[in-house]
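Right, one structure below, let's go through it.
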Amino acid sequence: MNTRQSLPGPLSVRLAAGAGAVFFALFLGFAQLTSGSPSATDSGWEIFGYVARHQDRLQLAAALMGIAMSAALVWLSGLFRALTKAEGGAPGLASVALGGGVLAAAGTVSGAVALGTTANRIADLGVDGTAVGWTMFLLSIGATLLGLLLVTGVTALVSLQRHLFARWFGWASVVLALLSLAGAVTIGYTAPGIQVVAGVAVLLDCVWILLVSLFLWRDPALALPVEIEPEGRSESLGSFSVAIGQHELSGTATSGRHRV
């Protein structure tokens with residue numbers, strides 16, 4: 001039985017890397033559709049007017065962000081495998097990064113649902129309801145950053161300790177993790193300064209995901225397991241070699257007796 005066929009190959013790693021690029025493209029589309037949007041501290045009438053004028057765009061933005069999370073989870077599988085290999089094949093911190101990625105995706109999808117609901121039911125929600133729905137959408141960014149904090153933080157630790165990625169990228173990941181932590185405070189606060197920090201952190205996190213995708217695409221071996229021969233096969237080969245050696249020895253002894 002050829003066990004090498006059951007091991008994930010370079011194609012699957014590049015699939016995860018490509019999913020990261022797809023996520024980034026969808027995020028850019030989402031950012032374009034929601035550009036110029038009001039903050040959580042703007043008046044209810046300002047928020048209501050913006051949502052009413054851009055209802056179709058906001059519905060599409062919510063859909064794009066939901067689809068982007070599916071691509072992000074495929075990308076996460078590639079990073080998880082790379083971290084697991086760097087840890088020696090037993091996922092330790094890699095499991096924390098995986099959980100963080102799932103948390104970030106769940107937080108983002110929750111925000112997309114809040115955005116889609118607000119855009120679809122604006123007439124029923126009215127001014128106050130629309131303002132509440134919009135605030136929920138913005139505060140969900142904090143949940144996204146809490147998950148990304150774990151992803152970038154774990155990747156930074158593993159990269160610096162095990163040299164998974166370039167050293168400069170490891171230190172950049174440390175800075176990004178701290179920035180994500182600061183931005184995550186927006187889950188409970190609507191201060192304009194915190195919202196700006198959260199927005200910058202999300203943008204840089206998305207660029208970070210694109211860079212990881214580039215690393216995995218260029219070198220799929222970062223996430224490929226080391227191929228090990230099965231024990232049974234090794235033992236059988238060893239027995240076969242011993243048998244051949246014994247046969248050669250017996251043949252040599254027989255030839256010696258014939259000469260005598």
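Some notes on this structure:
- Unmet criterion (only one of (1) surrounded by fewer than 21 Cβ atoms within 10 Å (Cβ to Cβ); (2) of a type outside the set (Asp, Glu); (3) assigned to a helix (DSSP H, G or I)) for Gly88: (3)
- Selection status of Gly142, of a type outside the set (Lys, Arg), in contact (Cβ under 8 Å) with a residue 12 or more places away in the chain, within 19 Å of Trp208 (Cβ to Cβ) and surrounded by fewer than 24 Cβ atoms within 10 Å (Cβ to Cβ): yes
- Residues in the stretch 81-93 that are touching a residue at least 40 places away in the same chain (Cβ under 8 Å) and not hydrophobic (A, V, I, L, M, F, W, C): Arg81, Lys85, Glu87, Gly89.
- Residue count, the stretch 149-165 (criterion: within 18 Å of the chain's Cα centre (by Cα) and within 19 Å of Arg218 (Cα to Cα)): 4
- Summed over the stretch 107-138, residues that are more than 19 Å from Ile187 (Cα to Cα) and either in contact (Cβ under 8 Å) with a residue 60 or more places away in the chain or of a type in the set (Asp, Glu) (or both) total 7.
- Number of the exception - Thr155 against (1) surrounded by fewer than 16 Cβ atoms within 10 Å (Cβ to Cβ); (2) in contact (Cβ under 8 Å) with a residue 24 or more places away in the chain; (3) among the β-branched types (Val, Ile, Thr): (1)
- Test: residue in the stretch 41-57 that is crowded, with 19+ Cβ neighbours inside 10 Å, touching a residue at least 12 places away in the same chain (Cβ under 8 Å) and within 30 Å of Gly18 (Cβ to Cβ): no
- For the residues Val202, Val185, Val212, Val174, the requirement of being assigned by TED's automatic domain parsing to the domain that holds Ala131, in contact (Cβ under 8 Å) with a residue 24 or more places away in the chain, under 18 Å from Leu83 (Cα atoms) and among the β-branched types (Val, Ile, Thr) singles out Val212.
- Trp75 passes every criterion in (1) hydrophobic (A, V, I, L, M, F, W, C); (2) within 13 Å of the chain's Cα centre (by Cα); (3) outside any helix (DSSP H, G or I) apart from (3).
- Qualifying residue in the stretch 82-100 (condition: β-branched (Val, Ile, Thr), in contact with a Phe, Trp or Tyr (Cβ under 6 Å, 6 or more places away or on another chain) and either more than 16 Å from Phe30 (Cβ to Cβ) or not assigned by TED's automatic domain parsing to the domain that holds Phe30 (or both)): no
- Residue match in the stretch 123-135 (condition: assigned by TED's automatic domain parsing to the domain that holds Ser213, over 22 Å from the mean Cα position of the chain (by Cα) and aromatic (Phe, Trp, Tyr)): yes
- Matching option when the condition is among the hydrophobic types (A, V, I, L, M, F, W, C), outside any helix (DSSP H, G or I) and farther than 22 Å from Leu211 by Cβ, among Ala52, Ala40: Ala40
Table: residues versus (1) crowded, with 16+ Cβ neighbours inside 10 Å; (2) of a type in the set (D, E, K, R); (3) within 26 Å of Tyr189 (Cα to Cα); (4) free of Cβ contacts under 8 Å to residues at least 60 places away in the same chain.
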residue	(1), (2), (3), (4)
Val13	yes, no, no, no
Leu33	yes, no, yes, yes
Met65	yes, no, yes, yes
Ser95	no, no, no, yes
Gly99	no, no, yes, yes
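Here's the yes/no breakdown for (1) farther than 19 Å from Phe165 by Cβ; (2) touching a Gly at 6+ places or on another chain (Cβ under 8 Å):
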residue: Pro38; (1), (2): yes, no
residue: Arg57; (1), (2): yes, no
residue: Met65; (1), (2): yes, yes
residue: Arg81; (1), (2): no, no
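The values are calculated or read from the model by the stated rules, or taken from the named source; none is laboratory data. Since this is a predicted model, take the numbers as computed values, not measurements. Don't worry about glycine lacking a Cβ; one is built from the backbone with ideal geometry, like all the others, and counts go over all protein chains shown.
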